[in-house]
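Bear in mind that the values in this text are calculations on the coordinates, not laboratory data. What you see is a predicted model, and the numbers here were worked out from it, not measured in a lab. In this analysis, Cβ positions are derived from the backbone assuming ideal geometry, glycine residues included, and neighbour counts consider all displayed protein chains.
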Amino acid sequence: MKATENPSIAKPAVDLATVFSRETIVTIPPYAQKSEVLASLVKSLARAEWFPWENAAGIVHALLERERYGTTGLGKGLALPHLRCREIGDFVGAIGVAPNGIDFHSLDGLPTRLIILLLSPFDQRAKHTEVMGRLATLLSDKTLQYSVQLPRSPEALFRFLGF
């Protein structure tokens, strides 16, 4: 019996391939501000019809408020903004790729090249924590960190992430 067939091995509660899609990959222009990046990522999700357009401004505002309490710019070219919100019915995400790097106020002060936004239903704290842990593990991969440092197209990074 393969490990994937073993019923005692728990499958992840949320499949990252259902959270991220090619239509929510955004190229971030040089010199974009954090607020512009977050707005662009949220708008990509509204365009993909994950939530109504009228909710986008409120979600951006909540993300910016969350950033006031501590940056989600992890360093090494990576940022992981995230939010649990009532406007979201399912886990959704968008990916921002800044080939030249932007100032996302990261912990190490280096330019950020990959921004992975995660929005989660407000009432699913445990699953949110699980997905955040899986993304943090993925982002701690040294190969990914190296790959992010090189100018890459959004499509190439999406393939590399394997979503």
_Just to confirm the filter: which chymotrypsin sites (Phe, Trp or Tyr not before Pro) across segment 46-102 are DSSP coil and have at most 14 other Cβ within 10 angstrom of their Cβ?_
Tyr69
*Under 12 Å Cα to Cα from Lys127, which aspartates and glutamates show up? Leave out anything in the same chain fewer than 8 places away.*
Asp15, Asp90
*asked:* 5 Å is the cut-off here: which amide hydrogens, built 1.01 Å from N in the peptide plane, fall below it relative to Ile28, excluding neighbours closer than 5 in sequence?
replied: Val97, Ala98
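As an exercise, use a Förster radius of 25 Å and the Cβ-Cβ distance of Ser35 and Leu110 to find the FRET efficiency, rounded to the nearest 0.05. Before the final figure, lay out each step's value.
Numbers: r = 20 Å, r/R0 = 0.79.
FRET efficiency, Ser35 to Leu110: 0.80.
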_Scaled radius of gyration (Cα, divided by 2.2 N^0.38 Å) that segment 19-158 gives_ = 0.96
